[in-house]
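The values are calculated or read from the model by the stated rules, or taken from the named source; none is laboratory data. Everything numeric here is computed off the predicted structure, so don't read it as measured data. When we count neighbours, we look across all protein chains shown, and the Cβ atoms used for this are built from the backbone with ideal geometry, even at glycine.
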Amino acid sequence: MRIICKIQLFIGLTFFLSVTSALADGWDPTSKAGARNSIADTRHNITVSYSSGGHVMDGWRNDYGAICVYCHTPHGANKQIQAPLWNRTVSYGNYTIYDKPTTLMRPVNQPGPSSLTCLSCHDGTIAIDSVLNMPFAGRSPDNSGASNNELGTSNTAFLDSWASNPAGLATANNHLVLGLEFGANPGPGPSTPGCAHCHAGGPNGFTVPVPDFRAFMLGTDLRNDHPVGITFPDTYTPVTDFNEPDVKLPGKMAFFDSNGNNYADKDEVR
């Protein structure tokens, strides 16, 4: 009996630890986007193909029929920021950032490329489907109908030119943004509400239950959020609160060469 109890306890503990680990990695068994496999099963799948009811969103965002295209494109990527094959438009507006000294005593700048990739959706001002290069089209917001010019801001009229939504729903002048920090705020157009229009009881009384996503609605006031730019030092002194990298390649990268081979191995911090 004791052996059986120990086995049951071991199995139960193993299951608990495995579930706890999975949750820590982003798996959410209560969500239809459970994050169990690839990006197709996550909330970053803007096609919502993980849900049989995803086509309902076609009236509020273009369904480009491809998961990656909402952020990435193999050709004609955004040249405004140094981001990996970035297909999204970015905001030229200034963000409100910290105006107090940081604990690292470094100046705080406007968000850099790493932050702008997130903010291109999460600042709540850019349409969820605002891309530079639509699939099979070779078009861009600032030069509609011509070849992609690899830059541009969110352009609702350009987004309206996509006419391939499988559900046949019109998105004309109705491309939703994630929204700002509180409720259904205006987006790029005068009457464009945020996602909270339907998912948090918007002005028309629509309430489609979803988990509370206000934590992801960063807005343009970043004083209470993480994504801000930090200027790393060019020179290091005893009072500089940064560890100096072992190898510095000007204009390219710097890294900590833990094995002394003068090469940035995949497990070394750079």
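Observations, loosely collected:
- Considering residues of the range 212-231 that are part of a loop (DSSP other than H, G, I, E, B) and exposed (fewer than 11 other Cβ atoms within 10 Å of the Cβ) only, the residue modelled with the lowest pLDDT: 226
- The range 54-72, residues that are closer than 18 Å to residue 38 by Cα and at pLDDT 85 or above: 65, 66, 67, 68, 69, 70, 71, 72
- In the range 68-82, the residues that are surrounded by 18 or more Cβ atoms within 10 Å (Cβ to Cβ) and touching a helix residue (DSSP H, G or I) at 6+ places or on another chain (Cβ under 7 Å): 81
- Residue in the range 119-138 that is at pLDDT below 85 and over 15 Å from residue 72 (Cα atoms) present: no
- Annotation note: Cβ proximity below 6 Å between a residue of the range 117-139 that is more than 15 Å from residue 93 (Cα to Cα) and a residue that is basic (Lys, Arg) and modelled with pLDDT under 90 (sequence gap 6+ or interchain) occurs for 128/61; 129/61.
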